[in-house]
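*Asks:* Take this structure first; my questions come after.
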Amino acid sequence: MEASEYKNIYEKEERHFFYRANHALFLSHVSYLGTKLGRQLKILDAGAGTGLLAKKLKKFGEVTGVDINPEAIYFSKKRGVNVKKTSVNKLPFKSETFDLVVSMDVLYHRKVNDKKALSEIYRVLKPRGLLLLRVPASPILFSSHDRYVHTRERYTKQKLLGRLEKAGFKVEKISYINTILFFPALLKFLYEKIIKSDHSSSNIKQIPERLNQVILTFLSFENWLLKYASLPFGIGLFAVAKKKELP
């Protein structure tokens, strides 16, 4: 990711529909897990970025973040997050340390080996611990934004499922998400193909508040719908995966 993008995200994510909706999806699952276990959780944010999700997770327990980028570390610490500078490819924690690992838009990055990262996440989770994961989806949508944030790949559902299962996880839920954003993203891809643009730029921009709220409303409805069904397509994939119990 371009260094300037961390500042851009830091300044916009508290209001932007994309982060509000996706954070809410993560938090609803964490809340359920906390209620089920009946205690405070030990949580790892694997790829904490600017730290807003980690900050929101603090109400559920002790949160540690990791990120490799110095800009991410700076903004996470500015938010009061306990964060360590390290790669998700090699986590500096003992095995079976965390009840929960969250990772939002990290595995896709060209500096991340997703197989190694998932193996490390599996290792540091306690038996029956959960991974909540989001990655960009639908390879056809690869655009200037992906170039800007250094995307290695956008996943298909089958590819992500295969990577999770190969790492040892039992996948409890996997679904495309952010479906209403698919067609605008597809139009952008087609436009860039037609004009043959190799320019790279961020999709995270300031938009009118009324439009921001309308999109957020639709995404919030999708989050509710995910409780009962999986969505057939979208710009992202969301997975809930459990570490198997020891024999």
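The values are calculated or read from the model by the stated rules, or taken from the named source; none is laboratory data. As the structure is a prediction and not an experimental result, all values here were calculated from the model. Don't worry about glycine lacking a Cβ; one is built from the backbone with ideal geometry, like all the others, and counts go over all protein chains shown. Heads up: the accessible areas ignore ligands, DNA and RNA and are worked out on the full protein's heavy atoms, side chains in. Shrake-Rupley method; radii C 1.70, N 1.55, O 1.52, S 1.80 Å.
*Asks:* How about the stretch 109-214: which helices (runs of 4 or more DSSP H) wholly inside it have at least 1 residues that are closer than 26 Å to SER87 by Cβ and either in contact with a Gly (Cβ under 7 Å, 6 or more places away or on another chain) or in contact (Cβ under 8 Å) with a residue 60 or more places away in the chain (or both)?
*Replies:* Working: elements: 114-124, 144-148, 157-166, 182-194.
Qualifying helices (runs of 4 or more DSSP H): 114-124, 144-148, 157-166.
*Asks:* Does TYR19 satisfy the condition of being buried (at least 18 other Cβ atoms within 10 Å of the Cβ), hydroxyl-bearing (Ser, Thr, Tyr) and closer than 23 Å to ILE180 by Cβ?
*Replies:* The answer is yes for TYR19.
*Asks:* Identify all residues within the stretch 215-244 that are in a loop (DSSP other than H, G, I, E, B), under 20 Å from HIS29 (Cβ atoms) and not aliphatic (A, V, I, L, M); write none if there are none. If you could, list the steps in order and put the result at the bottom.
*Replies:* Pass one, the stretch 215-244, residues in a loop (DSSP other than H, G, I, E, B): 226-230, 232-235, 243-244.
Add one more test, that the residue is under 20 Å from HIS29 (Cβ atoms), and what stays is 226-230, 234-235, 243-244.
LYS227, TYR228, SER230, GLY234, LYS243, LYS244 - these are the residues of the stretch 215-244 that are in a loop (DSSP other than H, G, I, E, B), under 20 Å from HIS29 (Cβ atoms) and not aliphatic (A, V, I, L, M).
*Asks:* Let me ask you something else. Any residue at all in the stretch 12-21 that is assigned to a loop (DSSP other than H, G, I, E, B), free of Cβ contacts under 8 Å to residues at least 24 places away in the same chain, under 28 Å from SER202 (Cα atoms) and out of contact with any Leu (no Cβ under 7 Å at 6 or more places or on another chain)?
*Replies:* Among the residues of the stretch 12-21, not one is assigned to a loop (DSSP other than H, G, I, E, B), free of Cβ contacts under 8 Å to residues at least 24 places away in the same chain, under 28 Å from SER202 (Cα atoms) and out of contact with any Leu (no Cβ under 7 Å at 6 or more places or on another chain), which makes the answer no.
*Asks:* Kindly evaluate LYS36 against the criterion of being under 17 Å from the mean Cα position of the chain (by Cα) and open to solvent by 60 Å² or more (accessible area, probe 1.4 Å).
*Replies:* Judged against the criteria, LYS36 is not a match.
*Asks:* Looking at LYS170 and the list (1) at pLDDT 95 or above; (2) in contact with a helix residue (DSSP H, G or I) (Cβ under 7 Å, 6 or more places away or on another chain); (3) surrounded by fewer than 16 Cβ atoms within 10 Å (Cβ to Cβ), which single condition is not satisfied?
*Replies:* Result: LYS170 passes all but (2).
The rows are residues; the columns are (1) open to solvent by 10 Å² or more (accessible area, probe 1.4 Å); (2) under 16 Å from the mean Cα position of the chain (by Cα).
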site: TYR74; (1), (2): yes, no
site: SER87; (1), (2): yes, yes
site: LEU100; (1), (2): no, yes
site: ASP105; (1), (2): yes, yes
site: HIS109; (1), (2): yes, yes
site: SER119; (1), (2): yes, no
site: SER138; (1), (2): yes, yes
site: SER143; (1), (2): no, no
site: HIS150; (1), (2): yes, yes
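*Asks:* If you don't mind, another one. Residue under question is SER230, and the condition is that it be touching a Ser or Thr at 6+ places or on another chain (Cβ under 7 Å) and either open to solvent by 40 Å² or more (accessible area, probe 1.4 Å) or closer than 13 Å to TYR19 by Cα (or both); does it hold?
*Replies:* So SER230 fits the description; yes.
*Asks:* If we scan the stretch 213-225, do we find a residue that is surrounded by fewer than 17 Cβ atoms within 10 Å (Cβ to Cβ) and touching a His at 6+ places or on another chain (Cβ under 9 Å)?
*Replies:* No, the conditions are met nowhere in the stretch 213-225.
*Asks:* Across the stretch 54-72, what is the number of residues that are open to solvent by 10 Å² or more (accessible area, probe 1.4 Å), closer than 25 Å to ALA24 by Cβ and among the hydrophobic types (A, V, I, L, M, F, W, C)?
*Replies:* The total comes to 2.
*Asks:* Please go through (1) modelled with pLDDT under 95; (2) closer than 30 Å to LYS243 by Cα; (3) not polar (S, T, N, Q) for GLU153 and return the number of the only condition it doesn't satisfy.
*Replies:* (1)
*Asks:* Still on this model: From (1) farther than 29 Å from GLU222 by Cβ; (2) modelled with pLDDT under 95; (3) open to solvent by 70 Å² or more (accessible area, probe 1.4 Å), pick out the condition that doesn't hold for ALA3.
*Replies:* The failed condition is (3).
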